[in-house]
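Report on the following structure.
The values are calculated or read from the model by the stated rules, or taken from the named source; none is laboratory data. Everything quoted here is computed from the prediction, not taken from an experiment. Virtual Cβ from ideal backbone geometry, glycine too; neighbours counted across all protein chains shown. The area values use the complete protein model at the heavy-atom level, side chains included, leaving out ligands, DNA and RNA. Shrake-Rupley method; radii C 1.70, N 1.55, O 1.52, S 1.80 Å.
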Amino acid sequence: MTSGIRHFTDLSALSGSDLRGILDDAAKRKARLKAGERSKPLEGKVLAMIFDKPSTRTRISFDVGMRQLGGETIMLTGTEMQLGRSESIADTAKVLSRYVDAIMIRTTAHDRLLELTENATVPVINGLTDDTHPCQLMADILTFEEHRGPVRGKTFAWTGDGNNVLHSLLEASARFSFNVNIAVPEGSEPEQKYIDWARANGGKVMITRSPEDAVRGVDTIVTDCWVSMGQEHRARGHNVFLPYQVNSDLMKHAKPDALFMHCLPAHRGEEVTDEVIDGPNSVVFDEAENRLHAQKAVLAWCLGA
Ligand code: CP
Ligand code: NVA
């Protein structure tokens with residue numbers, strides 16, 4: 001962040017204390033909202049949102065979050081902009097920076113996010129790329145701590161595909177000092193650089209083929225779809241992933257009060273059974289709600305509100 005602009009690209013790009021500050025702010029803003037307080041610190045500010053992939057939660061929570069903070073949003077898709085007719089990301093970044101106060105982008109290749117960030121003169125927020133999903137992890141840590149207290153020293157298990165959400169979970173594990181056990185089938189491993197970075201920054205990461213070994217005694221089990229948006233070329237047969245399904249048998253190996261977490265959308269009957277996602281330990285809708293509160297704090301951090 002040499003430019004002094006507060007981009008929110010990845011959890012690895014921010015310090016642990018900045019991230020903790022954002023989470024503390026999110027919890028306070030959530031409490032104040034529930035108490036009926038309505039302050040408008042972003043009045044007059046405009047957030048441009050670019051979506052190169054579909055979204056329900058990210059789109060609506062950023063839109064509602066900006067409105068609650070007194071700001072406004074402009075919703076854009078890559079295909080309806082000149083971006084879709086080969087205007088460069090760099091030029092798009094420079095143009096948007098003349099109009100709006102911040103840019104949120106959900107896109108494919110992570111390099112597109114980085115190119116936007118390098119060329120924008122306003123804060124850029126990562127709303128998911130093929131590689132990472134940092135806003136999701138901010139909401140997830142907020143959710144975990146609401147239910148189980150400080151995340152430091154706790155253990156999360158991930159079972160399924162080694163995808164963008166897992167990469168951000170690995171980054172979060174180092175920044176918030178918790179452990180991650182990963183069970184993935186051969187060929188679905190997370191990118192090694194995320195494991196290496198987490199370990200180099202104090203994270204404790206265990207990786208195995210056995211979902212039972214990964215979830216034994218953990219505080220929460222996390223999973224996600226078996227095929228991410230735009231990753232259909234990596235799609236594996238469902239029989240490869242079925243042993244990694246989170247069902248009540250697998251949950252029994254975790255702590256009795258272990259939480260079940262999922263960023264949603266869920267593919268019920270695939271990565272998780274109805275019994276688990278609708279069960280008493282599931283916090284998936286709290287995670288979805290907390291996207292709103294966490295991202296309001298991210299917006300406030302980026303815009304100095
Ligand atoms: N979890 C999440 O990012 O959901 P959407 O794809 O609906 O935004
Ligand atoms: N891993 C999923 C997350 C969706 C919110 C995807 O990228 O499609």
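Return, ordered by residue number, the residues of segment 232-265 whose backbone nitrogen is under 11 Å from a label point located 7 Å along Cα→Cβ of residue 278.
Flagged as within label range: none.
If you bin the C-alpha pair distances of the chain every 10 Å from 0, what whole percents do you get?
6, 29, 35, 22, 7, 0
Heavy atoms only, probe 1.4 angstrom, no DNA, RNA or ligands counted: give me 251, 261, 229 ranked by accessible area, highest first.
Result, largest first: 229, 251, 261.
Where the only charges are on Cβ atoms (+1 Lys, Arg; -1 Asp, Glu), what is the dipole of segment 44-116 about its Cα centre, to the nearest 20 debye? Write out the running numbers ahead of the final one.
Values: 10 positive and 9 negative charges, 40 e Å.
Dipole size: approximately 200 debye.
How big is the charge dipole of segment 150-305 about its Cα centre, in debye rounded to the nearest 20, if each Lys and Arg gets +1 on its Cβ and each Asp and Glu gets -1 on its Cβ?
600
Computed from the mean reciprocal separation of all distinct C-alpha pairs, what Kirkwood hydrodynamic radius does segment 196-272 have, in Å? Don't jump to the answer; show the numbers that get you there.
Details: mean 1/r = 0.0720 Å⁻¹.
Kirkwood hydrodynamic radius for segment 196-272: 13.9 Å.
Output wanted: per-residue J couplings in Hz (rounded whole) for segment 161-166, from phi through Karplus 6.51 cos²θ - 1.76 cosθ + 1.60, θ = phi - 60°, x for Gly and Pro.
Karplus values, whole Hz, x for Gly and Pro: 8, x, 10, 4, 5, 5.
Can you give me the % of accessible surface on segment 1-77 that is carbon or sulfur? Probe 1.4 Å, all protein chains present, nothing else counted.
The nonpolar share, carbon plus sulfur, comes to 50 percent.
Given the rule -39500 (n - 2.57) for each run of at least 4 DSSP H residues, summed and divided by the residues of the chain, what is its mean residue ellipticity at 222 nm, to the nearest 500 deg cm²/dmol?
-12500 deg cm²/dmol
Which residue, 288, 243, 304, has the largest displacement toward the positive end of the dipole of segment 151-305 when charges sit on each Cβ (Lys, Arg +1; Asp, Glu -1)?
My answer, from the dipole projection, is 304.
When only alpha-carbon atoms are used, what values of Rg and Dmax, in angstrom, describe segment 65-140?
Expressed in Å, the Cα Rg and Dmax of segment 65-140 come to 12.6, 36.
Using alpha-carbon pairs under 8 Å, 6+ residues apart, how would you state the relative contact order of segment 176-218 in percent?
Computed value for segment 176-218: 53 percent relative contact order.
Provide the descending list of Cα extents for segment 117-219 along its principal axes, expressed in whole angstroms.
47, 35, 22
How large is the direction-averaged shadow of the alpha-carbon convex hull of segment 34-79, in nm²?
3.5
How far apart, in nm, are the 7 Å Cα→Cβ label points at residue 121 and residue 94?
Calculated label separation equals 1.0 nm.
Given H placed on each backbone N at 1.01 Å, which residues far from residue 207 in sequence or on other chains put an amide H within less than 5 Å of it?
Residues meeting the amide H criterion: 182.
If DNA, RNA and ligands are ignored and the probe is 1.4 Å, what is the ranking of 133, 233 by accessible area, most exposed first? Kindly include the intermediate steps, with their values, before the conclusion.
Values: 133 5, 233 150 Å².
Largest accessible area first, the residues go 233, 133.
Using DSSP loop states and a limit of at most 13 other Cβ atoms within 10 Å to flag GluC sites (Glu not before Pro), what is the longest stretch of the chain containing no flagged site?
The segment 187-305 is the longest one with no such site.
Roughly how many debye, to the nearest 20, is the charge dipole of the chain about its Cα centre, given +1 on each Lys and Arg Cβ, -1 on each Asp and Glu Cβ, and no other charges?
Dipole about the Cα centre, nearest 20: 920 debye.
From the phi angles alone, apply the Karplus equation (6.51, -1.76, 1.60; θ = phi - 60°) to segment 171-181 and give each ³J(HN,Hα) in whole Hz, x where the residue is Gly or Pro.
Once θ is set to phi - 60°, the couplings for segment 171-181 become 5, 4, 4, 6, 5, 10, 6, 10, 9, 10, 9 Hz.
Could you check how much of the accessible area of segment 223-265 is carbon and sulfur, as a whole percent, using a 1.4 Å probe?
Carbon and sulfur atoms account for 57 percent of the accessible area of segment 223-265.
Could you list which residues have their amide H under 5 Å from that of residue 125, counting only those 5 or more apart in sequence or on another chain, with H placed in the peptide plane?
Those lying under 5 Å, H to H, from residue 125 are 8, 103, 104, 105.
Report, by chain and number, residues whose modeled amide H sits under 5 Å from the one on residue 74, excluding near sequence neighbours (fewer than 5 apart, same chain).
Placed amide hydrogens put 47, 48, 49 under 5 Å from residue 74.
By how many degrees, between 0 and 90 and to the nearest 10, does the Cα long axis of helix 134-148 differ from the longest principal axis of the chain?
It works out to around 50 degrees.
Take every Cα pair under 8 Å in segment 199-305 that's 6+ residues apart, average their separations, divide by the length, and report that relative contact order as a whole percent.
Values: 112 pairs, mean separation 29.3, N = 107.
Worked out over segment 199-305, it gives 27 percent.
With just the Cα atoms defining each centre, how far is segment 83-124 from segment 1-70? Give it in Å.
18
Ignoring ligands, DNA and RNA, what accessible area per residue does the chain give at 1.4 Å, in Å²?
Per-residue accessible area for the chain comes out at 42 Å².
How do 148, 98, 106 stack up against each other in accessible area, from largest to smallest, with a 1.4 angstrom probe?
Of 148, 98, 106, the descending order of accessible area is 98, 148, 106.
How much accessible area does residue 199 have with a 1.4 Å probe, in Å² rounded to the nearest 10?
For residue 199, the solvent-accessible surface is approximately 110 Å².
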